[in-house]
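Reviewing the structure listed below.
The values are calculated or read from the model by the stated rules, or taken from the named source; none is laboratory data. All of these numbers come straight from a predicted model, not from anything done at the bench. Cβ sites come from the backbone with ideal geometry, for glycine too, and all protein chains shown count toward neighbours. Accessible surface areas use protein heavy atoms only, side chains included; no ligands, DNA or RNA. Shrake-Rupley method; radii C 1.70, N 1.55, O 1.52, S 1.80 Å.
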Amino acid sequence: MIATLTGLGLSSAAGLNAYIPLLAVGLIARFTDLLPLGDAWQWLEHPVTLVSLTVLLVVEFAADKVPALDTLNDAVQTVIRPSAGGITFGAGASAVDLTELTGTASASVAEAGDGVSWLPVIAGMVIALAFHAAKTLARPVLNSVSFGLAAPVVSFLEDVASFVTSLVAILLPLLILVVFPLMVATGVWAVRRRRRRRAERAEQDGAPAGWRGRLGRGGR
């Protein structure tokens with residue numbers, strides 16, 4: 001249960017920002033005893049890995065705050081965020097007890113092979129991809145509605161959510177039972193908002209020229 005909640009929280013956070021949960025796992029594993037990583041994941045706490053992730057986080061932090069550039073960044077991150085979700089779910093699960101996720105037989109196979117249980121990794125990739133998709137769909141709508149002014153604010157809030165969720169997943173995993181549903185609800189709202197916005201645009205584009213101004217003013 002704890003392993004599942006830890007992995008769930010970390011992979012969700014990776015869907016918003018790939019590097020924050022990776023750094024959180026690496027730093028906490030290296031400098032504390034709170035997250036003892038399995039052999040297959042100890043590369044996350046290596047100094048070279050931590051420095052590389054820090055540089056990538058700075059680049060991501062800046063790029064995601066600029067309208068239009070944030071959309072390009074989201075396209076690039078389509079591969080990176082799910083991968084980070086898989087890694088963090090697998091690493092977080094390895095720090096607890098993999099039998100909670102895969103059963104005794106699967107854990108034995110993992111130990112006999114490369115030390116990686118692939119079920120948590122795949123689950124983490126799927127979860128991160130879902131949150132990444134919601135973020136990618138919502139951002140252009142928010143940019144167009146606010147003329148780009150919302151981009152840095154929303155991006156900063158996403159970074160904060162990723163950071164807080166990562167810490168909660170590691171330090172207080174039971175709180176993920178509250179945090180995760182809230183993140184899902186926010187993602188669903190964002191996707192629905194995008195669909196409504198597109199429907200309104202399609203309605204305006206299909207209306208006669210004389211009525212478009214009225215539709216833009218709420219039909220008055």
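Legend: calculated FRET efficiency, VAL66 to VAL160, from the Cβ-Cβ distance at R0 = 22 Å, rounded to 0.05, equals 0.75. 3J(HN,Hα) couplings calculated from phi for the range 150-156 with the Karplus curve 6.51 cos²θ - 1.76 cosθ + 1.60 (θ = phi - 60°) are, in sequence order, 7, 3, x, 5, 5, 4, 4 Hz; Gly and Pro show x. Expressed as a whole number of Å, what is the distance separating the alpha-carbon centroids of the range 166-185 and the range 11-84? If we compute the Cα centre of each part, the gap is 18 Å.
Between LEU177 and SER144, the contour length at 0.36 nm per residue exceeds the alpha carbon distance by 8.5 nm.
Multiplying the sequence separation of HIS46 and ARG192 by 0.36 nm and subtracting their Cα-Cα distance, what value in nm do you get?
That pair, HIS46 and ARG192, stretches by 48.4 nm at full extension.
Here the accessible area of the range 16-63 is 72 percent carbon and sulfur, with a 1.4 angstrom probe and all protein chains present. Sorting 128-135, 17-24 by average packing, meaning the other beta carbons within 10 Å per residue, from highest down gives 17-24, 128-135.
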